[in-house]
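Peer 1: My structure is below; once you've seen it, I'll send some questions.
Any read-out appearing in this document is the output of simple, stated calculations on the displayed coordinates, not a laboratory observation. Quantities reported herein were computed from a predicted structural model and do not represent experimental measurements. Using ideal geometry, Cβ is built from the backbone for each residue, glycine included, and neighbour counts are taken over all protein chains shown.
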Amino acid sequence: MAYGLCTENQPVKMPEINETPLPSPDQGRPIFQPWHSFDPAHAQWIPTRSSLPGDPVQPVHEKDTSDLVLVTWNIDSGAERAKDRAAALITFITDIEPKVDIVFLQEVSRSALEQILSDDRVRQNWFSSEGGHRSWGTRSFSTATLVSKTRFASHCDPGKSNPSLGPAWRVKYPSRYARDALFCDIFLSSPDESTPSSPITPTRLVNVHLDSLPIKPSFRPQQISILSAFLSAAGRGLVAGDFNPVLEEDANLVEDNGLTDVWKSLRPQDPGYTWGVDGTKRFPPARLDKVAVLGLKPTNIRVLEPQVLEQPSSYIPSPEGFTSTDDVPWSDHHGLLCSFSQSLNDAN
C-alpha cells in the first residue's frame, strides 16, 4: 500500500484493486499512481487522494451540469524547442472557450513535462497525473493527463464541485515501443446522487499513444481490445489520443471493439485529418488522432490547428531535437477538442 501527502497534509492511500472495476487480469494489471496537486507552501507537486467508488457522495449546491470539454494532442517529442512549444500549447488550451476540463497529451518529452509542471497556470488550476517522470521508467517521452480544479474535486476537497476525481493508473500492453495506456476514473452526476449514501459508478477516461508505423504484425488490434475491455468493465467512458491507424486492418478497429468513433458519428462527411495536412510528410494526410466512446453522449468535436513558433534571430539550437532555420510548429499533429454530456441519462 502506497502513501503520500494530501494537499491538506492528510495521508493518501492508493486504491485497492478490488475498489476499482477492472477486467480479467489477462487484459493487463493496473499500476496505480496518485494524482498530483501543486503545493505552493513547499513549492512542489505532491500526491493528492482521489475519490473511490465506495466514498459517500457529497451534495453540491449550484452544480455545473454543462458538457465536459476534452482536448487531446500529440505534442511531438522529437521536434526542437520542446519547452517553448509546450508553453505555447498550454497558453492556447487555457484560452479556449468554453473552458477545457480535461487535457490528454501524448509524446510528452521530459523537458516538455518539466515546462508544463513549472507553468504557474498549471500549478494553480490543474491536477496532474504526473508529478515528475517517475512512472515513465526509462522512456524519453510518454503520456500525461491534466484535469481542471475548477470542474473536479479531489477527496481532499469533496464538497467543492462535481464531478469528482477518481483513481489513476497505467496498464502496460504489448508494444514494440514499451508504451502503455494512462487511465483515470471520474464520477459524474446521476439522478440517484441526491443523498450522501448513494453509490456512484465511474466514467473511465483513457489517454493513449498506440504503436506507430505500418509494421506487421501490428500490436494495435490487441491494444484496442485491451482498452475496450477496461472501458467495458466500467460500463462507460472514452479513449482518446494518437491511434496511428496506418494499416488497412486499423480502419474499423474502434467499431470492431464495440466503441463509437466520435468523429465518424458527428462529422461523417469531414475527413478530419490530424496529421500530414501541410503536405510535407512522406505519407498522405491522415486522421491519426481519435476520440472513441462507450456509453457517453458526445456533443461536439473539432480539429485544433497548431500554430508556429518564430525563430528568434539570436536562437541557438539545443540538442533536444532536430534543428532548422524555419519557424517551428507546436506539433506535427493537430489536436482534437471533444465535448460530451456529463448527464448519465443522455447516454441511454
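Peer 1: Of Lys264/Lys297; Lys83/Lys216; Lys172/Lys281; Lys216/Lys297, which sit over 25 Å apart, Cα to Cα?
Peer 2: The pairs that break the limit, which is 25 Å between Cα atoms, are Lys83/Lys216; Lys172/Lys281; Lys216/Lys297.
Peer 1: Leu247 to Asp270: FRET efficiency via 1/(1 + (r/R0)^6), r the Cβ-Cβ distance, R0 25 Å, to the nearest 0.05?
Peer 2: Working: r = 22 Å, r/R0 = 0.90.
Here the calculated transfer efficiency is 0.65.
Peer 1: Then there's this: Taking the Cβ of Pro40 as the centre, find all other residues whose Cβ is under 11 Å away and add up their charges (Lys, Arg: +1; Asp, Glu: -1). Provide the component values of the computation, followed by the final result.
Peer 2: Values: positive: Arg123; negative: Asp39, Asp120.
For residues surrounding Pro40, the net value is -1.
Peer 1: Kirkwood Rh and Cα-based Rg: tell me the resulting Rg over Rh for the range 253-295, rounded to two decimals.
Peer 2: Radius of gyration relative to Kirkwood radius: 1.05.
Peer 1: Still on this structure, I have one more. Please compute the volume of the convex hull spanned by the alpha-carbon atoms of the range 200-264 and report it per residue in Å³.
Peer 2: 77 Å³
Peer 1: What whole-number value in cubic angstrom gives the convex hull volume per residue for the C-alpha atoms of the range 73-169?
Peer 2: Working: hull volume 9.3 nm³, N = 97.
Once divided by residue count, the hull of the range 73-169 is 96 Å³.
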